[in-house]
Amino acid sequence: AVSVCEEGPPSNRRRLAEAAFYESDQLLGTSGRTFGGAVAISGSLVVVGSTWVGGPPYSRDPAFVFRTTNDGRSFEHTATLTPSDSLKSRAALGAAVAISGNLVVVGAYESAYNPYDDDQDDGDPGGVYVYRTTDGGNSFVQTCKLEGSVYDDDFGFSVAISNNLVVVGAAYAG
């Protein structure tokens, strides 16, 4: 689950610490144990990453988009971001997400070790998928895939975006 919190008076919301932040909504996923492993927000849109959903076979639904139309009091699921290509079984699809305006980026790093993978030699350099919405978040189209060039450097381990600039982390690059 993902809790959406806002600063302000409590109303009927649960207080979340000494600061005046209160839970306004809770986003519940049906995708398995890692829903909410990565989260990002921009304007009225929230992106939630979900990796290694339920163990093998792995989910190919790495990220989910939610939108609010009432200033954050509630959110509805509007889109599921799925890559246009197939990945190796060890790809941590959705482990990192970022959003800025109408662009969303979803990391898919290639983990150096996965206990569920029988073939540890089928490495992939990892990648980052870029999606764009033109209708306020109802639908997204994959516009490109940024690819790493080095096996097991975990390209896509972290991502950030500001306007049209995407930054990608590769946790084990030399």
Checklist entry - Given H placed on each backbone N at 1.01 Å, which residues far from Gly127 in sequence or on other chains put an amide H within less than 5 Å of it? => result Ala108, Tyr109, Glu110, Gly148
Item to check | Backbone HN-Hα couplings from phi across segment 66-74 [Karplus 6.51/-1.76/1.60, Hz, Gly and Pro as x] | outcome: 10, 10, 10, 10, 9, 6, x, 6, 8
Checklist entry - So what are the ³J(HN,Hα) numbers for segment 153-164, from phi and the Karplus equation (6.51, -1.76, 1.60; θ = phi - 60°), rounded to whole Hz, Gly and Pro as x? => result 8, 6, 4, x, 4, 9, 9, 8, 8, 9, 6, 9
Checklist outcome for this item: Along segment 35-45, Karplus-curve 3J(HN,Hα) (6.51, -1.76, 1.60; θ = phi - 60°) to the nearest Hz, with x for Gly and Pro, reads 4, x, x, 9, 9, 8, 9, 8, x, 8, 10
Next on the checklist: Using amide H atoms built in the peptide plane, which far-off residues or other-chain residues are under 5 Å from Tyr172 H to H?
Outcome noted: Asp154
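Read-outs: derived from the displayed coordinates by stated rules, not from any lab. Since the structure is predicted, the reported quantities are computational estimates derived from the model, not experimental observations.
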